[in-house]
1. For segment 37-55, what are the residues that are among the β-branched types (Val, Ile, Thr) and open to solvent by 100 Å² or more (accessible area, probe 1.4 Å)?
2. Taking segment 16-57, which residues are part of a loop (DSSP other than H, G, I, E, B) and within 18 Å of Lys82 (Cβ to Cβ)?
3. If you scan segment 15-36, which residues turn out to be at pLDDT below 90 and open to solvent by 70 Å² or more (accessible area, probe 1.4 Å)?
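The values are calculated or read from the model by the stated rules, or taken from the named source; none is laboratory data. Because the structure is a prediction, the values reported are computed rather than measured. So basically every Cβ, Gly included, is an ideal-geometry build from the backbone, and we count neighbours across all protein chains shown. Quick note on the areas: whole protein, heavy atoms, side chains included, nothing else; ligands and nucleic acids left out. Shrake-Rupley method; radii C 1.70, N 1.55, O 1.52, S 1.80 Å.
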Amino acid sequence: RFTRGNSGNAWIRVDGNQATTNEAQLRLVGGNAGQSRIYFGDTDSATAAGGIQYKHSDNSMRLTTNNAVAVAIESDKTVDFKISAATDSGSDYNYDSKVLPIKVGGTQYYLPLYVAAGGGGGGGGGMP
């Protein structure tokens, strides 16, 4: 059910029946070589700045933020974080290799990423 409120808010609600074991589902079905997408945006941008994209041709998924792919999940379940070398000028931290920035309780941390033996790409070398 699509609803638009008096305040201008809009939403889609999918209700299953109220039994505790029932489900409500939203299905997006695209062509075998196509894509299924959900976009997120605001009134300040002409296009969606974020979204979820499922590519049926290779069975992969992309999570987009700020108009760029942030995370890709490949069909073999490999998760590819689309990050670049971290630079934190203004502190003692300066790491010239690939790191995964995360926040825990509002505090920024950088996890060093290492290349598996025989692997390619950036990183701080093999596991210590």
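1. Matches in segment 37-55: Thr43 only.
2. Ala48, Ala49
3. Asp15, Asn17, Gln18, Thr20, Thr21, Asn22, Glu23, Gln25, Leu26, Arg27, Leu28, Val29
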